[in-house]
Amino acid sequence: MPDNKTENGTQITFLEAIKQAMFEEMERDPAVVLLGEDVGVYGGAFKTSEGLLERFGWERVIDTPISESAIIGAACGMSYAGLRPIAELQFIDFIVCAFNQITNFVAKGHYLWNAPAPMVMRGPSGGFVHGGPFHSANPEMYFVHTPGLKVIYPSTPYDAKGLLKAAVRDNNPVLFFEHKFLYRRIKGEVPTGDYTVPIGKAIVRREGKHLTIISYAAMMHTSLEAADALAKEGIEAEVIDLRTLLPLDEETILQSVRKTNRCLVVHEDTKTGGIAGEIAAILSEKAFSDLDGPLMRVTALDTPVPYSPPLEEYFLPNAKKVFDAAKELARY
Amino acid sequence: MPDNKTENGTQITFLEAIKQAMFEEMERDPAVVLLGEDVGVYGGAFKTSEGLLERFGWERVIDTPISESAIIGAACGMSYAGLRPIAELQFIDFIVCAFNQITNFVAKGHYLWNAPAPMVMRGPSGGFVHGGPFHSANPEMYFVHTPGLKVIYPSTPYDAKGLLKAAVRDNNPVLFFEHKFLYRRIKGEVPTGDYTVPIGKAIVRREGKHLTIISYAAMMHTSLEAADALAKEGIEAEVIDLRTLLPLDEETILQSVRKTNRCLVVHEDTKTGGIAGEIAAILSEKAFSDLDGPLMRVTALDTPVPYSPPLEEYFLPNAKKVFDAAKELARY
Amino acid sequence: MKKELTRQQYLDLYYYMRLNRAVEDTMVKLFRQNKIVGGLYSSLGQEAISVGSAYALEKKDWLAPMIRNIGALLVKGVPPRDVFMQHMAKYDSPTKGKDGTSHFGDLENLHIVSPISMLGDLIPVMAGVAMAGRYLGQKIVTMTWIGDGGSSTGVFHEGLNFAATQKAPFVLILENNLWAYSTPVKRQVPIENLADRAKAYGISSYIVDGNDVVAVYCTTKEAVERARAGEGPILIEAKSFRRLGHAQHDPAEYVPKEMRAYWEGRDPIELYEKFLMGEKLLDAKGKKAVEEKINTLLDREREFAENSPMPPPEFASTGVYCTGDDCHKIQPRWERPIAEVTPPKSSVKAVWTVEGFGSGKSSGGANAPIHFGDTKNTIEIPASNGKVPGKNGAKPRGKKPVKVGAAGTTGKVKR
Amino acid sequence: MKKELTRQQYLDLYYYMRLNRAVEDTMVKLFRQNKIVGGLYSSLGQEAISVGSAYALEKKDWLAPMIRNIGALLVKGVPPRDVFMQHMAKYDSPTKGKDGTSHFGDLENLHIVSPISMLGDLIPVMAGVAMAGRYLGQKIVTMTWIGDGGSSTGVFHEGLNFAATQKAPFVLILENNLWAYSTPVKRQVPIENLADRAKAYGISSYIVDGNDVVAVYCTTKEAVERARAGEGPILIEAKSFRRLGHAQHDPAEYVPKEMRAYWEGRDPIELYEKFLMGEKLLDAKGKKAVEEKINTLLDREREFAENSPMPPPEFASTGVYCTGDDCHKIQPRWERPIAEVTPPKSSVKAVWTVEGFGSGKSSGGANAPIHFGDTKNTIEIPASNGKVPGKNGAKPRGKKPVKVGAAGTTGKVKR
Ligand SMILES: Cc1ncc(C[n+]2csc(CCOP(=O)(O)OP(=O)(O)O)c2C)c(N)n1
Ligand SMILES: Cc1ncc(C[n+]2csc(CCOP(=O)(O)OP(=O)(O)O)c2C)c(N)n1
Ligand SMILES: [Mg+2]
Ligand SMILES: [Mg+2]
């Protein structure tokens, strides 16, 4: 995919944005290193680290054994000595193999003994590519429910690059999910120079007044698609891209919902215990009287991710489901 | 602690209820086995399995190495061959060391390849005993957010015994959390004979009309205490004990809230991503017009569990906080 | 252990290797026709391992395959159509489209446990099946496979260690194909022979040429019988090479050419054919007959698979829980008196005795010598038992022992 | 390795062992007075391990203690008051009451990493510190401890294997005290010498009498210097015995009396005292002086600790994140030219060469021989290289080798 220069920057893919962010951060700061399975010679299962070994060498781009707990643990130890490691999970599904290290060691260190662990844990997530039950995970809520972590899930190349850079520079452990469906399908403009996108800030992707659709990652695009269709029927949806799930940007959410008085949350994650619930509670607590209709959810089914295309399609949310829910909500 | 016979049964502690459930199920069915760290000769770190080895022998009460993934994995394998293993986690905090086995292997088996895994994973959970950040966990939401599991968190000896027996007989993998603060502090009556309590059914512990307090486990008792205090001020709180968190008994919740029109959720788990959010979403979707006031939450802080008593006390919810929140809610 | 095979056994091994390869060749074609859903893994050049090891199992034994063990599934009795349909995510497949690749199982009849993608997880699971089988008196053995790369997972260690402490009748085949995705084994595992992992668990191990199907079979057969006899788990390292990339998408350019060339010259099927011909167990006609049999079979199987429908979308929402009375058909198959494991016979003294473990033996008596180790000295003392401290030097060990003793207390004092 | 110690070193070891025991004795008293929050673990009888191993480290080296390594903390420079206050959950404690027991650390000055309760997790973490130290050119060694029981965790395996592939300068002390809570080591780990776990990673190991402080020191010293010199991680098994229960609440009735009696007769402090007196390094007067010094110190430290306030409740809500500019004070301390790890000098050819790994050496050159293994033959072939298949029998290995070869293809055909 050739990169297209534009007036203010360059059109690049989501995947290229990730690669550039790592490249530029490693270039900027020798404390930044990358470790994970097949990240070196192979350049990563999705080629997000292609070229990094060539440029930064064997000490900074480390091919590891298949040992997720060791990868996360070692990254944490490196961060204690002043480095800023990026740990790659080959698929984000394998992050649960390091669950104890992340939730007990990494997440709690600063609170308990004042040990900052500036490290990024990143990997390809999400469905839509027939990866099946073990290669399509959206594990964000496990970590949103773990105090001490930051959780990022971007939807555009601009944000992916800017947020990954911000994550590397952050003094806390950050989980960074890269929706693999977006890797090569989404292109966008990024500035030529260095920039970061602040962690913890949502963004309004589309202004509207009839209802607020809150989403992130791949579902962001689905929501925008639905919003376009809704507009044709005279329903103007405001679309919010959360970008960071923890800490959650309550302000942007509340501001929008206080305007539109209706809220629909769309997530690819399964329903029960998904982030829509947390948003429902926040709205209830802080915008109860502003709501003219119920908070509604469009999410994946409460099942594992099935393999066969018709099953996966049925399992996943889509623009039609978002459209239908939004129409129903707009009637309140 | 001597057991007191009453007219219809016996007064026993929460801990005794757990022990009796395991004893009776092993007595009833030779397919039931117990495995875990120090469950045999020592009778378990909290003595919940005291006497089981003496009675059922080395083949059925298995002291394992310190290998949580192996314990869960082996239990799953045993269940495939027709057994009904009970796997003990010495403290429930260590369950995250088997997170991958549980969420990927055990939870998904029936959906994916029709393999039922009748097994119980149980252990002592919760705070209030100065166990600190690694011995006070309430990890329920990690599993409530994992399709394929059942999650039980009882508050009384009667329920603990009846639900544990039901869990052993259930054909699905069941997580069974035992709040360690209740072990020796709570006594209650259990029937003399065999009985089970249905999984997936909440119970109204106290009737009321002004608001509904939803809770479970240790917080159940806190909520009842608060309800007593509220009653003195003329506020009649209906108190619901969820007992099972997954599948959640929406019916009982909705029925109550439709009556009281106000809902307060109290959980010891940390706030963000806790089950209150899920309940908020359900109420929003299914009882929006019934709500006269916002869903409110009284929960632990969004931090690890601190060690020092004043910190832990501040971290945890208590009857005063429940009382205050309920009073505020009742004003709507 | 048998030192000789019957003619039929020799030919079975040949048939299954050919079948294994033909099934995978067919799938490559289906892949190129975009009929395969998701990735396609290959065991090209490793067929001798899957076939030779699974062939050593009895019908009642259990196995759990990994991604490169389609050969083992075929030997165990899975029809090729099931393999095709799994990879095509069809409704008639064993998982009805819920999962793909070789992720399927059959608890009731073939005794196959489905893998998940996370490497190593099957090890404690199959140890558990083995323990349950022994508990029920079934005298079964369980088997699974792990890659050189997968042997670095934590669960490999936990599972094998637990199996060893329990003397579970479990055989683990460590398929060392020199690569884990793009990373050579040398960079993942700092030992020459991966069979040495067994030393951490005090269990027996074998190293076998993974391209020699008879060697794999005979070795595994011996291991299976030793496990069945109560010797505990056994680890077999089968040395071979992954001839293609990690999956279809991977051209594997990271593999040195000389290495690939070497192994292409040692194709397990070609080598075995030469052997069979030399021993007059096979001739050109026989070979042709096998080919025709397989072609006919696979044409039919592929056709069936291709004609199978995709699952209906709503099927996605079913089956999360096992519900209803008949969702759980697995009853424990007792092959020993239940009375042995129920009170009063099951009663024991709950102490660690000085002579040994608990009462020394399982409550099941000789029937189930379940626990590790001899029952002699439990009072453990360091090697230096009774000696004056300071005389007890450390013993440097490992591959680079240094000759200096550490008996500092007997050294001179620097004054 | 030094073969002799200075008088001061001999006496230091004695002082720290005494201090270790006195600190723990004081805490038992505090526990009985209900002044300790939570459980209290004891290293009674194991002091020689903590003290002897930590004493082998230099100031710049890093360690991470487990629950029975208060001695190591004292040697590293932690004042007893910190230990007391941690256990009393006071506001002046290193964690200000957020955590208790020996769960605290000090990244900047003492280079101590705090443990968490989950056993084994420190192993990859300290491997990571070791890798970072080498990357920064610091020539540090890192150390942590693990129990016999903890050696069965998956993360032990992952961490040590990763450290070995990276040749990380890391020393792991495996404290085999024969029990893991109520379970004897024999039932958790099916090998006689836990040092054999090292064989799974191709690293060196030692077995040392854990009740002989000089042996522990000398052995560890040697290991530390070998690790520092680039030989990779080293595992030391120190054999000893847990004299008290798992924690204060546990009377440990499951321990056979004879076993306890044996070890009570081998108290490491008493044995060392006898040695020192025999060597005229200590006399009654010297002993008394040490006692008085420790008593005075601990009285003061205990008093300070008792007078420290409990933390203010609201403190619970602070510190989840590192925020503000000065929350992260750890700057990478470079002790090599940064240019070595930045382009263009860092550039390499991203291939696995036939001669070895990547370009054979790290981009840092001789300064950082970071990777495992020699750089000779990367084309790996099985032991049977080139031979006719069928002639390559499996080699039965392990502790119960069976004499039967598995060279089936050369066997007779049963007809
Ligand atoms: C726990 C875990 N981490 C990562 C992966 C991703 N992954 C799948 S296969 C593979 C390489 C496996 O190598 P090996 O075990 O040697 O098996 P082989 O592919 O050579 O048969 C990796 C890294 C995984 N499946 N599981
Ligand atoms: C992963 C994990 N599982 C269980 C426990 C509970 N636990 C704490 S200490 C202990 C026994 C440890 O034995 P060992 O490693 O031999 O150390 P020792 O107590 O003998 O020093 C157990 C089971 C734990 N801390 N971590
Ligand atoms: Mg491999
Ligand atoms: Mg121990």
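The values are calculated or read from the model by the stated rules, or taken from the named source; none is laboratory data. None of these values were measured; they are calculated from a predicted model. Ideal geometry is used to build each Cβ from the backbone, glycine not excepted, and the neighbour counts take in all protein chains shown.
Are any residues in region B:47-70 over 24 Å from B:ASP29 (Cβ atoms) and of a type outside the set (Gly, Ala, Ser), and if so, which ones?
Within region B:47-70, B:PRO65, B:ILE66, B:GLU68 meet the criteria.
Applying the selection to region A:52-78, what residues are more than 8 Å from chain D (Cβ to nearest Cβ) and farther than 25 Å from A:PHE134 by Cβ?
Within region A:52-78, A:LEU52, A:VAL61 qualify.
(1) at positive phi; (2) within 8 Å of another protein chain (Cβ to nearest Cβ): which one isn't true of D:GLY230, the others all being true?
It fails just one condition, (2).
Could you give me the residue pairs with C-beta distances under 7 Å whose first residue belongs to region D:181-206 and is more than 7 Å from every other protein chain (Cβ to nearest Cβ), whose second residue is in a strand (DSSP E or B) and within 15 Å of ligand 2 (Cβ to nearest atom) wherever it lies, and which are 6+ apart or on separate chains?
D:VAL185/D:ASN176; D:VAL185/D:TRP179; D:ASN193/D:GLU237; D:LEU194/D:LEU174; D:LEU194/D:ASN176; D:LEU194/D:GLU237
Taking region D:72-113, which residues are free of Cβ contacts under 8 Å to residues at least 60 places away in the same chain, more than 7 Å from every other protein chain (Cβ to nearest Cβ) and more than 19 Å from D:TRP62 (Cα to Cα)?
Result: D:GLN86, single match.
State all residues of region C:273-315 that are touching a residue at least 40 places away in the same chain (Cβ under 8 Å) and under 30 Å from B:LEU175 (Cα atoms); if no residue qualifies, say none.
Listed by number, the list holds a single entry, C:PHE315.
Please go through region C:102-116 and give me each residue that is in contact with a Pro (Cβ under 8 Å, 6 or more places away or on another chain) and farther than 20 Å from C:LYS90 by Cβ, ordered by number.
Across region C:102-116, the qualifying residue is only C:ILE116.
Considering region B:201-216 alone, what residues qualify as being surrounded by 21 or more Cβ atoms within 10 Å (Cβ to Cβ) and within 16 Å of the chain's Cα centre (by Cα)?
Passing the criteria: B:ALA202, B:ILE214, B:SER215, B:TYR216.
Return yes or no: is A:GLY43 within 27 Å of D:GLU335 (Cα to Cα), modelled with pLDDT of 95 or more and not hydroxyl-bearing (Ser, Thr, Tyr)?
no
From A:VAL129, A:VAL144, which residue is in contact (Cβ under 8 Å) with a residue 40 or more places away in the chain, β-branched (Val, Ile, Thr), in contact with a Gly (Cβ under 7 Å, 6 or more places away or on another chain) and away from ligand 2 (no atom under 16 Å from the Cβ)? Can you show your working first?
Numbers: A:VAL129 fails: in contact with a Gly (Cβ under 7 Å, 6 or more places away or on another chain).
Criteria check complete, one pass: A:VAL144.
Go through (1) in contact with a Gly (Cβ under 9 Å, 6 or more places away or on another chain); (2) touching a residue at least 24 places away in the same chain (Cβ under 8 Å) for A:PHE288 and report which single condition fails.
(2)
Is there a residue in region A:102-113 that is away from chain D (no Cβ under 13 Å) and either among the small types (Gly, Ala, Ser) or under 30 Å from D:ASP92 (Cβ atoms) (or both)?
No: region A:102-113 contains no residue that is away from chain D (no Cβ under 13 Å) and either among the small types (Gly, Ala, Ser) or under 30 Å from D:ASP92 (Cβ atoms) (or both).
Among the residues of region D:140-159, which ones are more than 16 Å from ligand 4 (Cβ to nearest atom) and out of contact with any helix residue (DSSP H, G or I) (no Cβ under 6 Å at 6 or more places or on another chain)?
Hit for region D:140-159 is D:MET143, nothing else.
Can you give me the ranges of the helices (runs of 4 or more DSSP H) entirely in region C:206-280 with at least 2 residues that are surrounded by 24 or more Cβ atoms within 10 Å (Cβ to Cβ) and of a type outside the set (A, V, I, L, M)?
Hits in region C:206-280: C:213-226, C:268-278.
D:MET143 fails exactly one of the following numbered conditions: (1) more than 9 Å from chain C (Cβ to nearest Cβ); (2) surrounded by fewer than 24 Cβ atoms within 10 Å (Cβ to Cβ). What is the number of that condition?
Just one mismatch for D:MET143, condition (2).
Could you check region A:300-332 and list, in sequence order, the residues that are within 18 Å of B:GLY148 (Cβ to Cβ), of a type in the set (D, E, K, R) and touching a residue at least 40 places away in the same chain (Cβ under 8 Å)?
Answer for region A:300-332, where residues must be within 18 Å of B:GLY148 (Cβ to Cβ), of a type in the set (D, E, K, R) and touching a residue at least 40 places away in the same chain (Cβ under 8 Å): just A:GLU312.
Of these, C:GLY71, C:GLY38, which one is within 16 Å of ligand 1 (Cβ to nearest atom) and on the phi > 0 side of the Ramachandran plot?
Numbers: C:GLY71 fails: on the phi > 0 side of the Ramachandran plot.
C:GLY38 is the lone residue from the list that is within 16 Å of ligand 1 (Cβ to nearest atom) and on the phi > 0 side of the Ramachandran plot.
In region C:160-180, which residue that is more than 9 Å from chain D (Cβ to nearest Cβ) and small (Gly, Ala, Ser) is farthest from ligand 1 (Cβ to nearest atom)?
The residue in question is C:ALA168.
Considering region D:166-196 alone, what residues qualify as being within 14 Å of ligand 4 (Cβ to nearest atom) and among the basic types (Lys, Arg)?
Selection gives D:LYS186, D:ARG187.
Could you count how many residues in region B:182-213 are farther than 21 Å from B:ALA166 by Cβ and either touching a His at 6+ places or on another chain (Cβ under 9 Å) or in contact (Cβ under 8 Å) with a residue 40 or more places away in the chain (or both)?
Total meeting the criteria: 9.
Would you point out the residue of region C:246-264, among those that are in contact (Cβ under 8 Å) with a residue 40 or more places away in the chain and among the small types (Gly, Ala, Ser), that is nearest to ligand 1 (Cβ to nearest atom)?
Among those that are in contact (Cβ under 8 Å) with a residue 40 or more places away in the chain and among the small types (Gly, Ala, Ser), it is C:ALA247.
Of the residues that make up region B:245-252, is at least one within 30 Å of D:THR95 (Cβ to Cβ) and within 11 Å of another protein chain (Cβ to nearest Cβ)?
no
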